[in-house]
2 protein chains.
Amino acid sequence: MLKQVTLGAAVFAAALSAEPLAEQAKATGMAPIPQNTTELYKLIDNPDNPINAEKVALGKQLYFDPRLSKSGLISCNFCHNLATGGVDGVPAATGHKWRHNPHHLNSPTVYNAVFADRQFWDGRDPDLEAQAQGPMQAPPEMAAAPEHVEAVVNSIPGYVKAFKHAYSNPDMKPTFKDVADVIAVYERTLVTPSRFDRYLDGCDKALSDKEKAGLKTFIEKGCVSCHTGVAIGGGMQPFPAVGKYKYADIGDFRGDKNGMVKVPTLRNIDETAPYFHNGAVWSLKEAIEIMGETQLGIKLSPEDVASIETFLKSLTGKKPDVTFPMLPARTDATPIPDLN
Amino acid sequence: MLKQVTLGAAVFAAALSAEPLAEQAKATGMAPIPQNTTELYKLIDNPDNPINAEKVALGKQLYFDPRLSKSGLISCNFCHNLATGGVDGVPAATGHKWRHNPHHLNSPTVYNAVFADRQFWDGRDPDLEAQAQGPMQAPPEMAAAPEHVEAVVNSIPGYVKAFKHAYSNPDMKPTFKDVADVIAVYERTLVTPSRFDRYLDGCDKALSDKEKAGLKTFIEKGCVSCHTGVAIGGGMQPFPAVGKYKYADIGDFRGDKNGMVKVPTLRNIDETAPYFHNGAVWSLKEAIEIMGETQLGIKLSPEDVASIETFLKSLTGKKPDVTFPMLPARTDATPIPDLN
């Protein structure tokens, strides 16, 4: 996976150089989603859980299967909806029994999550395999005991057969970890190349002049010092929990033990309102303004804000074609859902 | 639309005749989903809301769009999940704020709903256009005021443009009724031809000998007197609310004002547990037994129950290929969801 590096001084040096803008952007650490399939797979694959077509197909089914949850109603896609930019579009994740995330945390997009250095707002998990185990169990999300997930999957012959194929193991009895692993494999494929990637790859016409001007502002003002790499985000950064960061006090989230918070990807940002860890801001312009104040310590002019917004909209990418999976039927051995 | 006729005496006459079994089945009123597209469209179309490709595509987007709901979280597909037989797989429909249907009513499948004579368990609506307006507004389902639905749709340029195209009306400002209408058009296309249809159409090998024996039992025991037509159900029948119908007292549902209840379709019945208006029974065998007792007044032998179940499983149909729709992004004019 890409190791993301933040290059404070280099950012500004690049911004002032006479290099072509795309080269400047790359010099700051911004990187395209590879067009070449082999390169892309090298970037998204996990050697401990290698991608294959059977895992992707099975992972997609499980990603969309609400029966993994305690209630039988909440699938991964409920909070990370592939139809709406990979998010749920509400401030705080809401799931089992209509409970909300106890720290008032917003559901991050699943699209391009594979490119992040860490998972969760406090970066506590290293990869999607570890991440996928969390929401399945979290009481306000899917609220399922690992034993419930295992009982559901093992009670449905279509799933057991698919696991055996995917892992070339005729004796396989899928565990909770196996379920999380194939869901993660599916999620690894959810990447959305955009016009910006073509621009970085050398196609000058892929961005309009206004979008290029926005990219220049984005670099010069220093946004790129956190929003960089392939994810255009995804690293850990200090989290100013007091003072100007006016939304820090919604919920009780204070970042990780060192006060660090994960930088959200800016890919598809136009589709993933509301913004910030607490989903407190609905307008992209307002979000840009606040980030200027709290993270960069500058007051961005309305023109700068508009220009950056124009660039950010060029990051809306092409979503993978998703054939909605038809799921194998329950059997008399499948646990009965528990809505309480 | 098909007018469904129940032919009490004819059922038994047909059952005793020397006609080939498929002909007997048709003589009782059972009818196939037409293979011929022109015939099928004649059957599923509504002259007051004619099908066209643009309405189908737009209706699919809206069917999957949770932003139509008050909370922004509940789409039509939440309770009528196309991935799981067109149902939610829980006893009582559950939606906004985790409320349950106040009469403890189970979500019927959307697949083949177009073939039903009436919509809702009490048959109060004549067609899918009328039906689709209900759950969008119902407080324990999507809980949306019509004005909310209209505000959402009109705030998203991609939707307004799609309505204008679908209705060839460049001045269109979509109303709540228009939204329900295009959703209904999409639902009209959700039909699932099965091996049983090919059998009725003359392909004797489409059913196994055991399935044919099950069909014979189904006819001879009288199940077909209610479960008939193309829907293999979908008409209104007396609802024995007392005595042997042991689940009548869950919730307070008593059928329509004449004590009639809608007969569920048996298509895809193997995928749509739990069963009955109150979702009280999880086992298909148990459901068959109880229907024998309460609706037919007979005690079916375990062999008869197993035989009927074998036939019913042949009604699992081929689902339409569903490309998961990517939805146009919200704008600053889109109402902010209200989770309360």
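A few points about this structure:
- The set of residues from the range B:78-89 being over 16 Å from A:G95 (Cα atoms) and within 11 Å of another protein chain (Cβ to nearest Cβ) comprises B:N81, B:L82, B:A83, B:T84, B:G85, B:G86, B:V87, B:G89.
- Looking across the range A:269-317, the residues that are in a helix (DSSP H, G or I) and of a type in the set (S, T, Y) come down to A:T294, A:S307, A:T310.
- Output for the range B:91-114, where each listed residue is within 11 Å of chain A (Cβ to nearest Cβ) and surrounded by fewer than 24 Cβ atoms within 10 Å (Cβ to Cβ): B:A92, B:H96, B:K97, B:W98, B:R99, B:H100
- Residue within the range A:137-147 that is surrounded by 21 or more Cβ atoms within 10 Å (Cβ to Cβ) and under 28 Å from A:G259 (Cβ atoms) present: yes
- Any chance B:A241 is in a loop (DSSP other than H, G, I, E, B) and modelled with pLDDT of 95 or more: no
- Close pairs from the range B:159-186: first touching a residue at least 60 places away in the same chain (Cβ under 8 Å), partner hydroxyl-bearing (S, T, Y) and assigned to a helix (DSSP H, G or I), Cβ under 7 Å, at least 6 apart: B:I183/B:Y63; B:Y186/B:Y63
- Some residue of the range B:206-216 being closer than 23 Å to B:V110 by Cα, in contact with a helix residue (DSSP H, G or I) (Cβ under 8 Å, 6 or more places away or on another chain) and of a type in the set (G, A, S): no
- Number of the exception - A:W282 against (1) modelled with pLDDT of 90 or more; (2) away from chain B (no Cβ under 14 Å): (2)
- Here the range B:45-69 is the region considered, the condition is being within 11 Å of chain A (Cβ to nearest Cβ) and basic (K, R), and the residue that is farthest from the chain's Cα centre (by Cα) is B:R67.
- Against the conditions (1) facing chain A (nearest Cβ under 10 Å); (2) outside any loop (DSSP other than H, G, I, E, B), B:R330 satisfies every one except (2).
- Pick from the range A:318-327, criterion within 9 Å of chain B (Cβ to nearest Cβ) and of a type outside the set (A, V, I, L, M), ranking: surrounded by the fewest Cβ atoms within 10 Å (Cβ to Cβ): A:D321
- The single residue among B:G233, B:G202, B:G229 that is outside any helix (DSSP H, G or I), farther than 18 Å from B:Y63 by Cα, in contact with a Pro (Cβ under 9 Å, 6 or more places away or on another chain) and touching a residue at least 60 places away in the same chain (Cβ under 8 Å) turns out to be B:G233.
- Whichever residue in the range A:115-136 is of a type in the set (D, E, K, R) and buried (at least 21 other Cβ atoms within 10 Å of the Cβ) and, among such residues, is nearest to A:D45 (Cα to Cα): A:E129
- Any hit, the range A:291-308, residues being at pLDDT 95 or above and within 14 Å of chain B (Cβ to nearest Cβ): yes
- Within the range B:148-158, the set of residues being touching a helix residue (DSSP H, G or I) at 6+ places or on another chain (Cβ under 6 Å) and either outside any helix (DSSP H, G or I) or surrounded by 22 or more Cβ atoms within 10 Å (Cβ to Cβ) (or both) comprises B:V149, B:V152, B:V153.
- Per-region count, the range A:17-49, residues assigned to a helix (DSSP H, G or I), of a type in the set (D, E, K, R) and touching a residue at least 12 places away in the same chain (Cβ under 8 Å): 1
The values are calculated or read from the model by the stated rules, or taken from the named source; none is laboratory data. Bear in mind that the values here come from a model prediction, so they are computed numbers and not experimental data. Cβ coordinates were reconstructed from backbone atoms using ideal geometry, including for glycine residues, and neighbour counts include every protein chain displayed.
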